[in-house]
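K.L.:
Dumping the structure here so I can ask a few things about it.
The values are calculated or read from the model by the stated rules, or taken from the named source; none is laboratory data. Bear in mind the structure is a predicted one, so any value in this text is a computation, not a measurement. Methodologically, a virtual Cβ is constructed for each residue, glycine included, from the backbone with ideal geometry; neighbour enumeration extends over all protein chains shown.
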Amino acid sequence: MAKLEQFSYDNAIVRKFAYASIVFGVIGMLVGLIAALQLIFPSLNMDLPYTTYGRIRPLHTNAAIFAFVGNGIFMGVYYSLQRLLKARMFSDLLSNIHFWGWQAIILAAAITLPLGITSAHEYAELEWPIDIAIALVWVVFGINMFGTILKRRENHLYVAIWFYIATWVTVTVLHIFNNLELPVGMWKSYPVFAGVQDALVQWWYGHNAVAFFLTTPYLGLMYYFLPKAANRPVFSYRLSIIHFWALIFIYIWAGPHHLLYTSLPDWAQSLGTVFSIMLIAPSWGGMLNGLLTLRGAWDRVRTDPILKFMVVAVTAYGMATFEGPMLSIKSINAISHYTDWTIGHVHIGTLGWNGFLTFGILYWLLPRIFDTKLYSVKLANSHFWIGTLGILFYAIPLYWAGWTQSLMWKQFTPDGFLAYPNFLETVTQLIPMYAMRALGGSLYLIGVFMMVYNLYKTVRTGNFIANEPAEAPAREVYVAHKGEYWHKWLERKPIQMLLASTVLILIGGLVEIFPMMLVDDNVPKIESVQPYTPLELAGRDLYIREGCLGCHSQMIRPFRSEVVRYDPNDMQYSLSGEFIYDRPFLWGSKRTGPDLHRVGGKYNNSWHYNHMYDPTSMSPGSLMPPYPWLISDDLNASQIAKKISVLRTLGTPYPEGYEEIALEDLEKQAKIVADQLRAEGVEGENLEQKEIIALIAYLQRLGTDIQPVPQAGN
């Protein structure tokens with residue numbers, strides 16, 4: 001019999017990530033609740049630049065995804081990995097560098113996003129210095145994880161570890177490609193890709209950030225913690241194999257379903273749709289594998305709050321992964337896209353799948369590493385029920401809101417006119433539904449506070465086991481047996497599994513992205529489309545800073561209802577060639593306000609001036625926050641020459657040496673806009689120096705590069 005080796009598990013790092021997940025969960029959800037309330041009570045924007053909806057929405061999403069869920073992932077991985085491999089983490093130092101590095105990144109996000117420092121890519125808004133820090137910390141995590149795998153005492157790699165490996169390699173690839181950018185300064189950069197290409201790369205990343213940060217690592221946690229909590233083996237080993245390999249191969253192709261009916265070529269849209277529908281099979285295979293693991297334990301589910309949380313989490317995963325493919329069908333996407341339906345869909349996953357599984361793990365894990373029992377099972381059960389009600393009150397009104405929006409946008413009168421031509425009519429109809437959503441979010445957050453109290457009392461009654469004693473025999477050299485199932489061999493080869501995972505996830509990315517970069521016909525050029533002037537470029541960066549793309553799209557889809565609503569004169573939907581100088585692309589993913597792609601020339605300059613100062617003065621009942629600082633603050637044009645230089649390096653056809661006169665051109669155009677404002681009755685000192693002038697110049701440029709489509713009889 002092999003001699004047992006004595007060692008210990010590092011619970012200290014698990015505790016750190018658990019506490020961080022709890023703290024940032026509360027903060028992230030509180031910011032989300034504030035953002036939800038701002039859509040009901042615009043005064044909660046507080047007329048401050050740092051607290052507007054456009055700036056705190058990305059703060060909420062980043063806090064929820066990378067702070068709450070991210071720390072929850074690392075908590076579960078560090079706990080389960082050590083026990084599955086029968087080895088302490090490779091390096092305590094790397095574990096701590098990983099922890100403190102990740103918290104520093106979260107702190108940097110919490111500072112920069114409210115300041116308006118953003119790259120505008122959804123779920124990847126952080127600017128290039130923070131992107132580099134993320135890459136470095138992620139590499140530290142990878143070294144620590146693979147170092148532990150290589151020094152393991154257990155030959156077999158359990159299914160949870162397969163998902164951890166695939167998560168690490170895929171997030172690495174996604175992060176690098178989506179953040180290829182050239183810096184302008186310390187906190188400003190422009191992406192390498194532009195327009196349609198940038199959109200494809202972003203949603204290749206955006207969808208797979210959901211897939212490989214919010215899904216695959218949590219599936220790994222499900223495969224470990226659900227059997228542990230139920231004290232039952234996983235239902236089917238073979239189903240877990242099919243689930244894993246099919247999921248990581250198919251998922252990577254699905255990104256283009258976020259761009260249906262946009263200017264993305266049809267072949268790419270079709271690929272996204274086909275593979276999205278295929279995703280139902282492996283996703284539901286994983287859900288069923290999780291739920292059927294509870295066979296024989298259903299009586300315990302009635303009384304055990306931990307199992308309740310996990311059952312609802314896995315069910316929410318199944319619901320979200322059925323609804324996602326359905327929303328990828330073009331006829332359904334024509335209804336759902338840009339509406340609150342998508343927001344409801346996303347939150348079934350985040351609140352139900354990620355949130356509830358995290359809560360269940362916390363309730364199971366913390367009493368064990370503190371060698372005690374959960375303080376109150378009754379309180380945990382109460383948390384479960386109030387949290388479940390919160391999800392229902394959150395999601396159902398948003399589905400209702402989404403259907404309402406789409407039906408009102410598309411409704412025509414018998415005479416062929418839009419039934420609701422004023423976009424604001426559709427917005428005011430949603431306020432009661434937004435109120436119900438805020439109530440649901442409040443209930444969910446109350447449940448989290450109950451959990452915090454319960455876990456606090458649990459920790460206070462226990463004794464923390466920082467280094468948990470363990471013993472296991474040394475790993476023996478494995479000799480393959482004739483006729484052995486092929487996957488058994490692969491499960492003992494972590495490097496081969498890493499390489500196989502890498503190849504599978506690269507196939508879809510290469511097939512979809514490379515043709516878009518190399519074949520010019522995918523983005524037909526339009527001769528009349530010209531680069532932005534220096535003043536318009538400065539205004540565009542202000543638009544990005546204020547997070548306007550969080551509420552306004554810039555993509556008129558080829559529907560009669562949209563063309564008539566947004567471009568009644570030209571009758572032209574958005575063309576891919578119009579975006580070739582857009583770095584980053586600004587198509588948006590939600591319309592709380594109208595589309596702006598053809599807003600240029602629709603209103604005079606003073607309308608935009610007054611609308612930004614007080615939106616309700618131009619649009620009574622508007623939910624948009626005011627932006628008085630744009631009126632009072634001087635435009636900082638110190639980087640304009642560097643911006644022009646960087647963009648020319650990336651392919652924007654500014655003349656050689658233009659950066660030397662760019663500031664002069666900016667000032668000339670600013671004076672023209674300011675003089676027009678004065679002629680329209682706007683008063684103000686040094687008007688041509690204010691930020692509002694640049695933003696107006698940008699808005700007046702939108703959609704004016706192409707000529708009207710000739711109409712029959714003209």
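K.L.:
Within segment 542-575, track down each residue that is within 19 Å of Leu586 (Cβ to Cβ) and aromatic (Phe, Trp, Tyr).
P.N.:
Those that are within 19 Å of Leu586 (Cβ to Cβ) and aromatic (Phe, Trp, Tyr): Tyr543, Tyr566, Tyr573.
K.L.:
I need a count of the residues in segment 413-445 that are part of a loop (DSSP other than H, G, I, E, B) and in contact with a Ser or Thr (Cβ under 9 Å, 6 or more places away or on another chain).
P.N.:
Here is the first cut: in segment 413-445, the residues part of a loop (DSSP other than H, G, I, E, B) are 413-417, 419-422, 429-430.
If we keep only those that are in contact with a Ser or Thr (Cβ under 9 Å, 6 or more places away or on another chain) too, we end up with 419-420, 422, 429-430.
The number of residues fulfilling the criteria is 5.
K.L.:
If you check Ile143 against the conditions, is it assigned to a helix (DSSP H, G or I), buried (at least 20 other Cβ atoms within 10 Å of the Cβ), touching a residue at least 24 places away in the same chain (Cβ under 8 Å) and of a type in the set (A, V, I, L, M, F, W, C)? Reasoning before the result, please.
P.N.:
Details: assigned to a helix (DSSP H, G or I): yes; buried (at least 20 other Cβ atoms within 10 Å of the Cβ): no; touching a residue at least 24 places away in the same chain (Cβ under 8 Å): yes; of a type in the set (A, V, I, L, M, F, W, C): yes.
Against the criterion (assigned to a helix (DSSP H, G or I), buried (at least 20 other Cβ atoms within 10 Å of the Cβ), touching a residue at least 24 places away in the same chain (Cβ under 8 Å) and of a type in the set (A, V, I, L, M, F, W, C)), Ile143 does not qualify.
K.L.:
State all residues of segment 185-204 that are crowded, with 21+ Cβ neighbours inside 10 Å and of a type in the set (A, V, I, L, M); if no residue qualifies, say none.
P.N.:
Selection gives Ala194, Val196, Ala199, Leu200, Val201.
K.L.:
Can you list the helices (runs of 4 or more DSSP H) lying wholly within segment 577-692 that have 3 or more residues being hydrophobic (A, V, I, L, M, F, W, C)?
P.N.:
Numbers: elements: 605-613, 615-618, 628-632, 640-649, 659-679.
So the answer is 628-632, 640-649, 659-679.
K.L.:
Another question about this same structure. Thr215 passes all but one of (1) surrounded by fewer than 23 Cβ atoms within 10 Å (Cβ to Cβ); (2) among the β-branched types (Val, Ile, Thr); (3) within 16 Å of the chain's Cα centre (by Cα); which number fails?
P.N.:
(1)
K.L.:
Suppose we filter Thr426, Thr388 for residues that are in contact with a Phe, Trp or Tyr (Cβ under 9 Å, 6 or more places away or on another chain) and at pLDDT below 95; which single one remains? Break it down into steps so the answer makes sense when it comes.
P.N.:
Working: Thr388 fails: at pLDDT below 95.
Thr426 is the lone residue from the list that is in contact with a Phe, Trp or Tyr (Cβ under 9 Å, 6 or more places away or on another chain) and at pLDDT below 95.
K.L.:
Answer yes if at least one residue in segment 187-198 is part of a helix (DSSP H, G or I) and under 30 Å from Met310 (Cβ atoms), and no otherwise.
P.N.:
In the first step, residues of segment 187-198 are kept if they are part of a helix (DSSP H, G or I); the result is 195-198.
If we keep only those that are under 30 Å from Met310 (Cβ atoms) too, we end up with none.
Checking segment 187-198: not a single residue is part of a helix (DSSP H, G or I) and under 30 Å from Met310 (Cβ atoms).
K.L.:
So, in segment 659-683, how many residues would count as being over 19 Å from Arg540 (Cα atoms), without any contact (Cβ under 8 Å) to a residue 60 or more places away in the chain and either in contact with a strand residue (DSSP E or B) (Cβ under 7 Å, 6 or more places away or on another chain) or surrounded by 14 or more Cβ atoms within 10 Å (Cβ to Cβ) (or both)? Steps first, please.
P.N.:
Let us first name the residues in segment 659-683 that are over 19 Å from Arg540 (Cα atoms), namely 660-661, 675-683.
The next check asks that each one be without any contact (Cβ under 8 Å) to a residue 60 or more places away in the chain; those that pass are 660-661, 675, 678-679, 683.
Add one more test, that the residue is either in contact with a strand residue (DSSP E or B) (Cβ under 7 Å, 6 or more places away or on another chain) or surrounded by 14 or more Cβ atoms within 10 Å (Cβ to Cβ) (or both), and what stays is 661, 678.
Result for segment 659-683: 2.
K.L.:
Mind checking which residues of segment 21-62 are more than 15 Å from Pro628 (Cα to Cα) and assigned to a loop (DSSP other than H, G, I, E, B)?
P.N.:
Leu39, Ile40, Phe41
K.L.:
Against the condition in contact (Cβ under 8 Å) with a residue 40 or more places away in the chain, among the polar types (S, T, N, Q) and under 30 Å from Leu366 (Cβ atoms), how does Thr458 come out, does it pass? Steps first, answer last, please.
P.N.:
Values: in contact (Cβ under 8 Å) with a residue 40 or more places away in the chain: yes; among the polar types (S, T, N, Q): yes; under 30 Å from Leu366 (Cβ atoms): yes.
Spelling it out, Thr458 is indeed in contact (Cβ under 8 Å) with a residue 40 or more places away in the chain, among the polar types (S, T, N, Q) and under 30 Å from Leu366 (Cβ atoms).
K.L.:
Quick one: Leu351 ticks every box in (1) in contact (Cβ under 8 Å) with a residue 24 or more places away in the chain; (2) surrounded by fewer than 23 Cβ atoms within 10 Å (Cβ to Cβ) bar one, so which box is it?
P.N.:
(2)
Listed here are the residues, each with its yes/no results for (1) touching a Ser or Thr at 6+ places or on another chain (Cβ under 7 Å); (2) under 20 Å from Pro217 (Cβ atoms); (3) surrounded by 22 or more Cβ atoms within 10 Å (Cβ to Cβ).
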| residue | (1), (2), (3) |
| --- | --- |
| Arg83 | no, yes, no |
| Asp92 | no, no, no |
| His98 | no, yes, yes |
| Ala104 | no, no, no |
| Asn155 | no, no, no |
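K.L.:
Something else: Scanning segment 478-494 for residues that are surrounded by fewer than 17 Cβ atoms within 10 Å (Cβ to Cβ) and not in a loop (DSSP other than H, G, I, E, B), which turns out modelled with the highest pLDDT?
P.N.:
Result: Leu490.
K.L.:
Within segment 368-382, does at least one residue satisfy the condition of being of a type in the set (Phe, Trp, Tyr), modelled with pLDDT of 95 or more and more than 18 Å from the chain's Cα centre (by Cα)?
P.N.:
Going through segment 368-382, the residues of a type in the set (Phe, Trp, Tyr) turn out to be 370, 375.
Those still in the list that are modelled with pLDDT of 95 or more too: 370, 375.
Next, only the ones that are more than 18 Å from the chain's Cα centre (by Cα) stay: 370, 375.
The answer is yes; a qualifying residue exists.
K.L.:
Kindly check whether there is at least one residue in segment 495-503 that is more than 30 Å from His257 (Cα to Cα) and modelled with pLDDT of 90 or more.
P.N.:
Step one: list which residues in segment 495-503 are more than 30 Å from His257 (Cα to Cα), which gives 495-496.
Within this subset, residues satisfying the condition of being modelled with pLDDT of 90 or more are 495-496.
Scanning segment 495-503 turns up at least one residue that is more than 30 Å from His257 (Cα to Cα) and modelled with pLDDT of 90 or more.
K.L.:
Let me ask something else. Mind listing whichever residues of segment 257-274 are touching a Pro at 6+ places or on another chain (Cβ under 9 Å) and not β-branched (Val, Ile, Thr)?
P.N.:
Hits for segment 257-274 are His257, Tyr261, Leu264, Pro265, Trp267, Ala268, Gln269, Ser270, Leu271, Gly272.
K.L.:
Next question, about the same structure. Take the residues of segment 519-542 that are in the same structural domain as Tyr654 (by TED's automatic domain parsing) and small (Gly, Ala, Ser): which is nearest to Ala662 (Cα to Cα)?
P.N.:
Ala538
K.L.:
Then there's this: Could you please find all residues in segment 392-441 being in contact with a Lys or Arg (Cβ under 7 Å, 6 or more places away or on another chain) and closer than 17 Å to Ile34 by Cα?
P.N.:
Within segment 392-441, Tyr394, Leu398 meet the criteria.
K.L.:
State which residue pairs qualify: first residue without any contact (Cβ under 8 Å) to a residue 12 or more places away in the chain and inside segment 498-509, second residue in a helix (DSSP H, G or I) and of a type outside the set (A, V, I, L, M) in any location, beta carbons under 9 Å apart, and separation of 6 or more residues or different chains.
P.N.:
Between residues of segment 498-509 that are without any contact (Cβ under 8 Å) to a residue 12 or more places away in the chain and residues that are in a helix (DSSP H, G or I) and of a type outside the set (A, V, I, L, M), the close pairs are Ala500/Trp245.
Here is a yes/no grid of residues against (1) surrounded by fewer than 17 Cβ atoms within 10 Å (Cβ to Cβ); (2) modelled with pLDDT of 95 or more; (3) under 30 Å from Phe193 (Cβ atoms):
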{"site": "Ser236", "(1), (2), (3)": "yes, no, no"}
{"site": "Ile248", "(1), (2), (3)": "no, no, yes"}
{"site": "Gly255", "(1), (2), (3)": "no, no, yes"}
{"site": "Pro265", "(1), (2), (3)": "no, no, yes"}
{"site": "Leu271", "(1), (2), (3)": "no, no, yes"}
{"site": "Leu279", "(1), (2), (3)": "no, no, yes"}
{"site": "Pro282", "(1), (2), (3)": "no, no, yes"}
{"site": "Gly285", "(1), (2), (3)": "no, no, no"}
{"site": "Thr303", "(1), (2), (3)": "yes, no, no"}
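K.L.:
With respect to Thr170, is the statement that it is farther than 17 Å from Gly101 by Cα, within 16 Å of the chain's Cα centre (by Cα) and of a type outside the set (Phe, Trp, Tyr) true? First the steps, then the outcome.
P.N.:
Numbers: farther than 17 Å from Gly101 by Cα: yes; within 16 Å of the chain's Cα centre (by Cα): yes; of a type outside the set (Phe, Trp, Tyr): yes.
Answer is yes for this residue.
K.L.:
Let me ask another. Taking segment 603-643 on its own, how many of its residues are among the polar types (S, T, N, Q), closer than 23 Å to Leu663 by Cβ and under 31 Å from the mean Cα position of the chain (by Cα)? Spell out how you get there, then give the answer.
P.N.:
Restricting attention to segment 603-643, the residues satisfying the condition of being among the polar types (S, T, N, Q) are 604-606, 610, 616-617, 619, 622, 632, 636, 638-639.
Checking the rest, the ones that are also closer than 23 Å to Leu663 by Cβ come to 605, 632, 636, 638-639.
Adding the requirement that they be under 31 Å from the mean Cα position of the chain (by Cα) leaves 636, 639.
Total meeting the criteria: 2.
K.L.:
OK, next. Look at Leu115 and say whether it is within 21 Å of Ile56 (Cβ to Cβ), without any contact (Cβ under 8 Å) to a residue 12 or more places away in the chain, surrounded by fewer than 20 Cβ atoms within 10 Å (Cβ to Cβ) and in the same structural domain as Ala63 (by TED's automatic domain parsing).
P.N.:
Working: within 21 Å of Ile56 (Cβ to Cβ): yes; without any contact (Cβ under 8 Å) to a residue 12 or more places away in the chain: no; surrounded by fewer than 20 Cβ atoms within 10 Å (Cβ to Cβ): yes; in the same structural domain as Ala63 (by TED's automatic domain parsing): yes.
No, not satisfied.
K.L.:
Tally up the residues in segment 270-297 that are polar (S, T, N, Q) and more than 16 Å from Ala320 (Cβ to Cβ), please.
P.N.:
Step one: list which residues in segment 270-297 are polar (S, T, N, Q), which gives 270, 273, 276, 283, 289, 293.
Next, from what is left, pick out any that are more than 16 Å from Ala320 (Cβ to Cβ): 270, 273, 289, 293.
Going through segment 270-297 one residue at a time, the tally reaches 4.
K.L.:
Still on this model: Looking at segment 99-107, can you tell me whether even one residue there is part of a helix (DSSP H, G or I) and within 16 Å of the chain's Cα centre (by Cα)? Give the steps one after another, and end with the answer.
P.N.:
Of segment 99-107, the ones part of a helix (DSSP H, G or I) are 99-107.
Now narrow it down to the ones that are within 16 Å of the chain's Cα centre (by Cα): 106.
Looking for residues that are part of a helix (DSSP H, G or I) and within 16 Å of the chain's Cα centre (by Cα), one finds at least one in segment 99-107, hence yes.
K.L.:
Another question about this same structure. Could you pull out the residue among Asp47, Asp10 that is modelled with pLDDT under 95 and in the same structural domain as Ile134 (by TED's automatic domain parsing)? Give the steps one after another, and end with the answer.
P.N.:
Details: Asp10 fails: modelled with pLDDT under 95.
When all the criteria are applied, what remains is Asp47.
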